[in-house]
1. What is the Å³ per residue value for the convex hull set by the Cα atoms of segment 27-78?
2. In nm, to one decimal, how far is the modelled label at ASN146 from the one at LEU61, with both set 7 Å along Cα→Cβ?
3. So which lysines pass the test for LYS52, namely a Cα distance under 26 Å, with those fewer than 8 places away in the same chain ruled out?
4. With charges set only on the Cβ (+1 for Lys and Arg, -1 for Asp and Glu), what does the dipole of segment 1-133 come to about its Cα centre, in debye to the nearest 20?
5. Less than 12 Å Cβ to Cβ from CYS111, Lys/Arg counted +1 and Asp/Glu -1: what total charge do the surrounding residues give?
6. Could you give me the percent of Cα pairs per 10 Å distance bin for segment 54-119, shortest bin first, beginning at zero and ending with the bin that holds the maximum distance?
Amino acid sequence: MRCCKKLCDQLKLQNSLICNGDYFHVRCSAHVLNIIVQEGLRVTSYALHKIKESIKYARGLEARKIAFKECVIQVRGIDTKVGLRMDVATRWNSTYLMLGSAIRYRRAFGCLAIRDRNYVHFPSSDEWKKAEKMCEFLKPFYVMTNLISGSSYPTSNHYCMQVDLSIQDSNIIVG
């Protein structure tokens, strides 16, 4: 609560709050997080598109599902407890989950690219690296979003601590 009050006081000094901050609350932070993440996703939009198309392709027709499963078996060592996930356009946190699952199956997609000439959306090595970086970037935001959008409302000190950690992590990834 202290962090939120300090922020509110600072914004009041700058005359930046509507109704003198009477309606300022932590839940607005979910919207701010969403804006930050959407901007970050734009950076890797082409790689993201290719991964989405790859998942759609592998999960599309029954014959492709079978071929993909055979690739998973052939490349070995893929933990199949988490299947391929598709994201939901209106929920960026599902993009984080989708990327995490696709990265696990990267080698199986490589096998599919060799076996199936119709599979044209195989991400390049550089695009997979971007996906891994994006997954790293999204993780703290995913944690924060779950923290602030649950049924129990956290105090602002949890949120601010997580934002601080995310900024530090983002600087490590970018810098």
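None of the figures in this text is laboratory data; all of them are computed from the coordinates on show. In this text the structure is predicted, and so the values were computed from the model without any measurement. Reconstructed Cβ throughout: ideal geometry from the backbone, glycine too, with neighbour counts over all protein chains shown.
1. Taking the convex hull of the Cα positions in segment 27-78, it is 124 Å³ per residue.
2. That separation, rounded to one decimal, is 3.8 nm.
3. Hits, sequence-local ones excluded: LYS65, LYS69, LYS81, LYS129, LYS130, LYS133, LYS139.
4. It comes to approximately 300 debye.
5. So the environment of CYS111 carries a net charge of +3.
6. 22, 53, 23, 2
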